[in-house]
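The values are calculated or read from the model by the stated rules, or taken from the named source; none is laboratory data. All figures in this text were calculated on a predicted structure; none of them were measured in a lab. Quick reminder, even Gly has a Cβ in these numbers, built from the backbone with ideal geometry, and neighbours come from all protein chains shown. Keep in mind that these areas ignore ligands, DNA and RNA; they rest on the heavy atoms of the full protein, side chains included. Shrake-Rupley method; radii C 1.70, N 1.55, O 1.52, S 1.80 Å.
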Amino acid sequence: MRFLLLPLFFLLLFTITGELAGAQTNQANGISEADEDKVVRKVRFTGNSNVSNRALRTLVRTRTNREFLGIPRFTPWYYIHNVFGVGESPSFLNREIVSSDMDRIRIYYENLGFFDVTVDTTIVEYRTNRVEVSFIIREGPMSRINSVSYTGLPDFDDDSIRDDFFDQSNFGSRFINDSTFSVNRQYKAQELREEQSRIITFLRNHGYAAAQRDSVRALVKRIDDDRNLYDVLYSIRPGGFYTFGNVFIELSGPDGPNNFDEEQILEGPPSTLEGYRIEMRKQNEAQTRFRLLSDQLQFIPGDTFNQSLYLRSVNAYQNLGMLVMNRFGLSEDSSLPDFSKSEIPVYFEMQTLPRHSIRAELFGMRRYGFGTGAGVVYNNNNLFGRAENFSLSVNGNIEFVPSGVREVGGSTIFRTFETRAEYSLPRLNFPFGAFQNRSWVESSRTLYSLSYSQASQEFFDVNSDIRLNLRYEVMHSPRLRSFFDMIELDVVDIGIADDFRTSILRQFNTFDQDFEDLTPEQITEIENRPQVQFIFEDFRPQFSSIIRYTLRNQNTNLIKRNFGYFSEFSVAVGGNVPYLIDRHLISPGEITGNVSLPLGIFPSDLSYSRFFKLSADYRRYFSISANSVAALRIFGGFAQPYGASETIPVNRRFFAGGSNDIRGYAPFSLGPGAIPPTELSVPGGEIKLAAFTELRQVFMQNVFNARWYLAWHTDAGNVWYGPRNRFLDEDDEDILDEGRFSFNTFYEQIPISSGIGIRLDWEFFVVRFDVTFRARDLERGWFNDGSRYFSFGIGHSF
């Protein structure tokens, strides 16, 4: 009952107090007096065998009131309007719009090759002032394309260019002759237009800069023997052949263009072909080297004109991050290029951003309890004049955690502090610099970072964490990116939290008296037991290294997350650097499992572990209707120690729980497996499986300039120990068995949480509030936990 009443409460609250969005008045021009009270309650399509109802609904403008989650005729906003007078106004019948919809459907079908289609409509008043609009479609026969031919393609000096042209064709399959494909597929006007655009782009990339839309025409001819079969001939008139002319580059300082203080001219190879030059001018305030400007050019002046290389040069300047592009073009006055000459000059006018900036931050947060934090960031975006970026940040936060949400101990305050220095370059450095100008590199970045942090947490405190990282980032396309962490070194001093330490000792107390009454000698005896030492081993100072490759593919908007997909796959190998130090430097020929850093950088020995780690994260966003989104996320991870190592460093394991993970559970609190939180165990796991779903429905618009979503989420997942993480007690029983992954039992060890929330969606960020219930708790079972767990965050949870 609780799951049903809470959404209704939010629904009534916000419909009465605010303006509900998406109201379709449709009471404007074109509504006759006879129709002014007729509300469209049903829209139907009949006869549409080859086009889905959903595609047609998005096409027409005659619509019912908004349907909640796309459920037919379930229009709560309209019902609320009838009861309270606020909400969504009725969607009235408009016969002019119906007539226009008929034309839209007909044109859409003709673009799909149904040239004999007819569209009619019936409007039935099935109840007083309630009408059903039916679009009756007679599709007729579907036309097909028999063949596609090309004529007028210019001659190229390199025969492989002509071969590439045909290999890249959208209709390439089987050749009839050297310029004709046998196609035999459905006629689609959109595919013909896409092929036209491809041909124009191909011409512009091979010297024919003047190619326009009217330079390529698709001539469609009906075959005499079959009136539904067509041959298509692309007639190509490429125009003149052009080369890149001289290049003119101007760079002003942050105050804008004025008099230029320096200039440099590059002539001849390797910068240009003979007779061409690159003219560069800049102000002293720009504090930028001329070489940085010339290095961004992806083409050579005097070479064959290539539109793609010209645009890649523009992107290269924009990706530097330390300037803005005021103007770029193929003529001095930004008009159309002068195609009367065979050489096309290129102009770039840019302006640097302020070199130094300081930004202060103040934020709220919720992890275990409620907290706040502040930080300051210094940024130098052109450190040595070649677009190097240096930033130094310091931030900290405090978080009050009440006793009711902690697994052990009473209320407390968690504190976090971090300082971080980053140095980045907008290019690939050694040893990958040779790949910088490869075709699969659109832009790149090399990042060096050094950080120091301290943090207090539920089970352990990070007394100090020093991390050094060298990362290479490559954008292959707008969708595809690679991240290669060539080396990441991490020296961390982890101290077990006092409450957690006491709970461990209390759990292993086998004396016939309460823990509070034990003598110091008895407590020391408990601490020295093998089971306790095994758990405490995780909290020794550690030295870890990792080499990691991550591939990310996405076409969604990372803020809105309302369409498309996001996927990320990662593979990592860790622990080899301290292993090599241990084997070859500390004690050659002997493996001790510990290393010490020189010069007293760290006062005590550091343990390490060798391991490999895999993870896959896939997210998909489905548009149910114009105002509804269904989101799905699946995550899987596996890690395994190898060599002489039996465990993985605690900061490299998988954890579950938190507002961005399994909601309804505190961070790090879930698992491993079926081990209840009241039984202390080795935290984290080597295996993680999780699935998340979320339905989002717009219910208000333009309230505080935001779209308001009502969201229903369900999360499920857990972490488990891997096969090598074993520990036997005094009776030779594995004390970690309940937390170990098994194909026979893992599905019984997956908690499920569900709840509702609100999303406030502004243009550039999203605020999220969620109330979650534990639908299936591993200790209490199904629907036996009546507690509500509140969380909020910035951005969608996935």
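Can you name every residue in segment 452-473 that is farther than 25 Å from VAL577 by Cα and within 29 Å of the chain's Cα centre (by Cα)?
Matches in segment 452-473: ALA455, GLN457.
Can you find a residue in segment 713-722 that is buried (at least 16 other Cβ atoms within 10 Å of the Cβ), within 22 Å of the chain's Cα centre (by Cα) and either part of a loop (DSSP other than H, G, I, E, B) or of a type in the set (A, V, I, L, M, F, W, C) (or both)?
From segment 713-722, those buried (at least 16 other Cβ atoms within 10 Å of the Cβ) are 713-722; that's our starting set.
From what's left, within 22 Å of the chain's Cα centre (by Cα): 713-717.
Okay, now just the ones that are also either part of a loop (DSSP other than H, G, I, E, B) or of a type in the set (A, V, I, L, M, F, W, C) (or both), so 716.
Yes, because at least one residue in segment 713-722 is buried (at least 16 other Cβ atoms within 10 Å of the Cβ), within 22 Å of the chain's Cα centre (by Cα) and either part of a loop (DSSP other than H, G, I, E, B) or of a type in the set (A, V, I, L, M, F, W, C) (or both).
Please find, within segment 320-337, the residue that is farthest from PHE290 (Cα to Cα) out of those that are open to solvent by 70 Å² or more (accessible area, probe 1.4 Å) and part of a loop (DSSP other than H, G, I, E, B). Let's see the steps before the verdict.
Of all residues in segment 320-337, those open to solvent by 70 Å² or more (accessible area, probe 1.4 Å) come to 326, 328, 332-333, 336.
From what is left, the residues that are part of a loop (DSSP other than H, G, I, E, B) are 332-333, 336.
Values: GLU332: 21, ASP333: 24, LEU336: 28 Å.
By that ranking, first place goes to LEU336.
Could you tell me whether segment 122-136 includes any residue that is closer than 27 Å to ILE223 by Cβ, at pLDDT 95 or above and in contact with a strand residue (DSSP E or B) (Cβ under 7 Å, 6 or more places away or on another chain)?
Filtering segment 122-136 for residues closer than 27 Å to ILE223 by Cβ gives none.
Checking segment 122-136: not a single residue is closer than 27 Å to ILE223 by Cβ, at pLDDT 95 or above and in contact with a strand residue (DSSP E or B) (Cβ under 7 Å, 6 or more places away or on another chain).
Restricting to segment 448-484, and then to whatever is open to solvent by less than 50 Å² (accessible area, probe 1.4 Å), closer than 20 Å to SER391 by Cα and charged (D, E, K, R), can you tell me which residue is modelled with the highest pLDDT?
That would be GLU473.
I want to confirm something. Restricting to segment 663-694 and keeping residues that are modelled with pLDDT of 85 or more and of a type in the set (Val, Ile, Thr), which single residue is farthest from THR502 (Cα to Cα)?
Ranking the candidates gives THR693 first.
Only one of (1) touching a residue at least 12 places away in the same chain (Cβ under 8 Å); (2) among the β-branched types (Val, Ile, Thr); (3) within 30 Å of VAL629 (Cβ to Cβ) fails for ILE107. Which number is that?
(1)
Just to be sure, is ILE487 buried (at least 19 other Cβ atoms within 10 Å of the Cβ) and of a type in the set (A, V, I, L, M)?
Criteria not met by ILE487.
Step by step: first the residues of segment 269-298, then only those that are within 37 Å of the chain's Cα centre (by Cα), surrounded by fewer than 19 Cβ atoms within 10 Å (Cβ to Cβ) and not charged (D, E, K, R), then the one that is farthest from PHE244 (Cα to Cα). Which residue is that?
Going through the qualifying residues, I end up with GLN287.
State which residue pairs qualify: first residue closer than 29 Å to ASN228 by Cβ and open to solvent by 20 Å² or more (accessible area, probe 1.4 Å) and inside segment 146-175, second residue assigned to a loop (DSSP other than H, G, I, E, B) and not hydroxyl-bearing (Ser, Thr, Tyr) in any location, beta carbons under 6 Å apart, and separation of 6 or more residues or different chains.
GLY152/ARG237
Just the residues that are among the hydroxyl-bearing types (Ser, Thr, Tyr) and closer than 28 Å to ASN651 by Cβ, please, taken from segment 501-537.
Hits for segment 501-537 are THR502, SER503.
Among the candidates ASP499, ASP512, which residue alone is in a loop (DSSP other than H, G, I, E, B) and more than 27 Å from PRO578 (Cβ to Cβ)?
Working: ASP499 fails: in a loop (DSSP other than H, G, I, E, B).
Going through ASP499, ASP512 in turn, the sole match is ASP512.
Which of the residues spanning segment 761-771 are open to solvent by 20 Å² or more (accessible area, probe 1.4 Å) and of a type in the set (A, V, I, L, M)?
Our first condition is that a residue be open to solvent by 20 Å² or more (accessible area, probe 1.4 Å); within segment 761-771, this holds for 762-765, 767, 769, 771.
Result: VAL767, VAL771.
I need the strands (runs of 3 or more DSSP E) fully contained in segment 536-646, keeping only those with at least 3 residues that are charged (D, E, K, R) and either out of contact with any Phe, Trp or Tyr (no Cβ under 9 Å at 6 or more places or on another chain) or open to solvent by less than 70 Å² (accessible area, probe 1.4 Å) (or both). Write out each step before concluding.
On the way: elements: 542-554, 564-574, 611-625, 628-641.
Qualifying strands (runs of 3 or more DSSP E): 611-625.
Just to be sure I understand the filter: pairs with C-beta atoms under 7 Å, separated by 6 or more residues or on different chains, first member in segment 454-465 and under 13 Å from THR412 (Cα atoms), second member surrounded by fewer than 18 Cβ atoms within 10 Å (Cβ to Cβ) and acidic (Asp, Glu). Which pairs pass?
Listed pairs, sorted by first residue: GLU458/GLU407.
Can you pull out every residue in segment 28-85 that is among the polar types (S, T, N, Q), modelled with pLDDT of 75 or more and part of a loop (DSSP other than H, G, I, E, B)? Before you say what the answer is, go through the steps one by one.
Initial filter on segment 28-85 (among the polar types (S, T, N, Q)): 29, 32, 46, 48-50, 52-53, 58, 62, 64-65, 75, 82.
Now restrict to residues that are modelled with pLDDT of 75 or more: 46, 48-50, 52-53, 58, 62, 64-65, 75.
Across segment 28-85, the qualifying residues are ASN48, SER49, ASN50, SER52, THR62, THR64, ASN65, THR75.
Within segment 772-798, can you find the residues that are in a loop (DSSP other than H, G, I, E, B) and either among the hydrophobic types (A, V, I, L, M, F, W, C) or buried (at least 19 other Cβ atoms within 10 Å of the Cβ) (or both)? Let's see the steps before the verdict.
From segment 772-798, those in a loop (DSSP other than H, G, I, E, B) are 778-780, 783-788, 795-798; that's our starting set.
LEU778, PHE783, HIS796, SER797, PHE798, listed by residue number.
Any residue in segment 387-400 that is under 27 Å from PRO667 (Cβ atoms) sitting within a Cβ distance under 8 Å of a residue that is crowded, with 19+ Cβ neighbours inside 10 Å and among the basic types (Lys, Arg)? List the pairs, counting only those 6 or more apart or interchain.
GLU399/ARG367
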